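Data first, discussion second: the structure below is written as structure tokens.
The values are calculated or read from the model by the stated rules, or taken from the named source; none is laboratory data. All of these numbers come straight from a predicted model, not from anything done at the bench. Note: ideal-geometry Cβ built from the backbone for every residue, glycine included; neighbour counts use all protein chains shown. SASA here: full protein model, heavy atoms, side chains in, ligands and nucleic acids out. Shrake-Rupley method; radii C 1.70, N 1.55, O 1.52, S 1.80 Å.
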Amino acid sequence: MELYDIAVIGGGINGAGIARDAAGRGLKVLLAEQNDFASATSSASTKLIHGGLRYLEYYEFRLVSEALAEREVMLNIAPHIIWPLEFVLPHEKHLRPAWMIRAGLFLYDHIGGRTSLPRSRSVKLAPDGHGAGLKPEFHRGFAYYDAWVDDARLVVLTLASARAHGASVHARTRCTGARREGDAWQVTLCDEVSGKESEIRARILVNAAGPWVKSLLERELKIESAGQVRLVKGSHIVVPRIHDRRYAYILQNPDRRVVFMIPYEREFTLIGTTDVQVTPQDLPAAISPDEVAYLCAAASRYSAREVTPDQVVWSYSGVRPLYDDGKADPSAITRDYVLLLDENGPPLLSVFGGKITTYRKLAEQVMQKLAHWIPAHRSWTHAEALPGGDFGGRAYLAVLAEFRARYPGLDPHWLARLLRRHGTLIEKILAGAKCEADLGENFGGGLYERELAYLAEYEWARSGDDVLWRRTKCGLHMSEAQRTRVAERLAGAR
Ligand SMILES: Cc1cc2nc3c(=O)[nH]c(=O)nc-3n(C[C@H](O)[C@H](O)[C@H](O)COP(=O)(O)OP(=O)(O)OC[C@H]3O[C@@H](n4cnc5c(N)ncnc54)[C@H](O)[C@@H]3O)c2cc1C
């Protein structure tokens, strides 16, 4: 039976980050994900690499400073899928006074250390500037920077890096049981496609099952743990774009929550999110009509165009697996992560909470916690670009210009979208293509046969949803018939 140093259960961002870090340290790693990678919380986030301005109100200074420092690291190692995004906060003095916002933004500018992003400032809101798409009664506001990430691609590229460092990475493989036997874990895995079970051994077991962290412990591992998880659902809606500028709005709601309104996939606006406490029985999460109404109302308080449920073209929901710190208000529960180590035999480490933003740092902390059982090795993940992110210090636009010059026969706008998905790896997809016809069948929405084949071969894509909603967001730009065609093509290819 194969013996691994570490078996990681869960192929969301945290499991992926841990597998990558461990594999790069020369450890023999296996990762098992029961569905597609990033199919749970890690593709359902607001997609921000951010410190979390609102967390300052909850005194989460450690989290915010670590996250802001990580923002800088992530902008460097994944410049294709992560980029700066300017936020505008329209001012409403009865909700938060200007001095409070200024103080918060000053802290936000400085608490994370050196940053390449511009500092915050106050701005005038005008229909042709920072107030585009807003009601004319909003005159003043504040602007600051955070970063945008394609969350599902971050997971897949992190796993591609883990695999390149030797990790054995398995989608559609569920951990159905694990028990301690001597100096290792005996782990049972079930191939969810064939139904076949197999066993492996691992010296260390990592539980990165996200919303299932507690149920994996209790059901599959039969272990009582002190750690409690609070499941808090958050949903987003997508509507035709509210304005054509590049910046996002952070809107203050009368319930003191904030709601984001973010430019999305060029033609749309992403609006989110909510905080709804749920139970394990509610998984997988789905948006409720109340949440749609709440998000439409929050956006309509500010948007010149009323946002109504009938405008919603897509929505998604995810469940935050938060560490239960006893707070009653779901918005107030800590967003920081907690790593619980069980040393009653071969070690078991469980991940509670965490942010997409801090996943790399979380993985480093996991390695530190396990230092007693693994050989000493320096941290390395901050210094190696994720696959396709090796821009060599050049700006995205410079890299784009280079590819446009190399492929003059291809649509320059489409090349830009492809570069945002794959970075320098687009070379593998384009490979000498001179014109559109060389790309194979056009499925619509910017997806061609060559990319589909690449996603199936190198990025574990098997189903229509894998490709249309996670590896790409082409589904948003397609008709139902086009989406069906992609799913059929993938099924036929197997
Ligand atoms: C609405 C919302 C908005 C958010 N916005 C942001 C944001 O803007 N920025 C940010 O930094 N963070 C954000 N977050 C937080 C972030 O998305 C999560 O913290 C992160 O995705 C959690 O990742 P994870 O790997 O722990 O969990 P998941 O992504 O849920 O992964 C866990 C995986 O484990 C698998 N699994 C479970 N049981 C088994 C088993 N028995 N065998 C095999 N596999 C199993 C599941 O299928 C799942 O894929 C947001 C979260 C939500 C819900």
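Points worth noting:
- Only one entry in E2, E57, E33 is within 11 Å of the ligand (Cβ to nearest atom), acidic (D, E) and open to solvent by 10 Å² or more (accessible area, probe 1.4 Å), namely E33.
- Residues in region 349-359 that are of a type in the set (F, W, Y) and either farther than 21 Å from A78 by Cβ or open to solvent by 50 Å² or more (accessible area, probe 1.4 Å) (or both): F352 alone.
- L95, sole failed condition from (1) in a loop (DSSP other than H, G, I, E, B); (2) more than 15 Å from the ligand (Cβ to nearest atom); (3) modelled with pLDDT of 95 or more; (4) not basic (K, R): (3)
- All helices (runs of 4 or more DSSP H) inside region 360-471 with 1 or more residues being touching a Lys or Arg at 6+ places or on another chain (Cβ under 6 Å) and crowded, with 19+ Cβ neighbours inside 10 Å: 426-430, 449-458
- Taking first residues from region 24-37 that are farther than 21 Å from M1 by Cβ and part of a loop (DSSP other than H, G, I, E, B) and partners that are more than 7 Å from the ligand (Cβ to nearest atom) and of a type in the set (V, I, T), the Cβ contacts under 8 Å between residues at least 6 apart in sequence or on separate chains come to R25/I374; F37/V155; F37/V156.
Table: residues versus (1) aromatic (F, W, Y); (2) open to solvent by less than 30 Å² (accessible area, probe 1.4 Å); (3) more than 30 Å from E66 (Cβ to Cβ); (4) out of contact with any helix residue (DSSP H, G or I) (no Cβ under 9 Å at 6 or more places or on another chain).
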position	(1), (2), (3), (4)
R266	no, no, yes, no
L270	no, yes, no, yes
P280	no, no, no, no
E306	no, no, yes, no
Y323	yes, no, no, yes
T334	no, yes, no, no
P347	no, yes, no, no
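- All positions within region 330-343 that are in a loop (DSSP other than H, G, I, E, B) and in contact (Cβ under 8 Å) with a residue 24 or more places away in the chain: P330, S331, A332, I333, T334, R335, D336, Y337
- Among the candidates I6, I81, the residue that is under 28 Å from K214 (Cα atoms), among the hydrophobic types (A, V, I, L, M, F, W, C) and either in the same structural domain as T472 (by TED's automatic domain parsing) or touching a residue at least 40 places away in the same chain (Cβ under 8 Å) (or both) is uniquely I6.
- Within region 143-201, the residues that satisfy the criterion of being within 10 Å of the ligand (Cβ to nearest atom) and within 23 Å of A69 (Cα to Cα) are D146, A147, W148, V149, D151, A152, L154, V155.
- With respect to the stated conditions, L476 fails to be open to solvent by less than 10 Å² (accessible area, probe 1.4 Å) and in a helix (DSSP H, G or I).
- Verdict on G210 being within 10 Å of the ligand (Cβ to nearest atom) and either touching a residue at least 24 places away in the same chain (Cβ under 8 Å) or touching a strand residue (DSSP E or B) at 6+ places or on another chain (Cβ under 8 Å) (or both): yes
- Residue list for region 217-256, filter: touching a helix residue (DSSP H, G or I) at 6+ places or on another chain (Cβ under 8 Å), open to solvent by 80 Å² or more (accessible area, probe 1.4 Å) and over 24 Å from G318 (Cα atoms): E224
- Residues of region 321-354 satisfying the condition of being modelled with pLDDT of 95 or more and within 9 Å of the ligand (Cβ to nearest atom): V351, F352
- Filter result for D183 (open to solvent by 20 Å² or more (accessible area, probe 1.4 Å) and under 19 Å from the mean Cα position of the chain (by Cα)): no
- Filter result for V239 (assigned to a strand (DSSP E or B) and either within 30 Å of A299 (Cα to Cα) or at pLDDT 95 or above (or both)): yes
- Output for region 73-86, where each listed residue is in a helix (DSSP H, G or I) and within 14 Å of the ligand (Cβ to nearest atom): V73, M74, L75
- Among the residues of region 29-50, just one is touching a Gly at 6+ places or on another chain (Cβ under 9 Å) and farther than 20 Å from V351 by Cα, namely T46.
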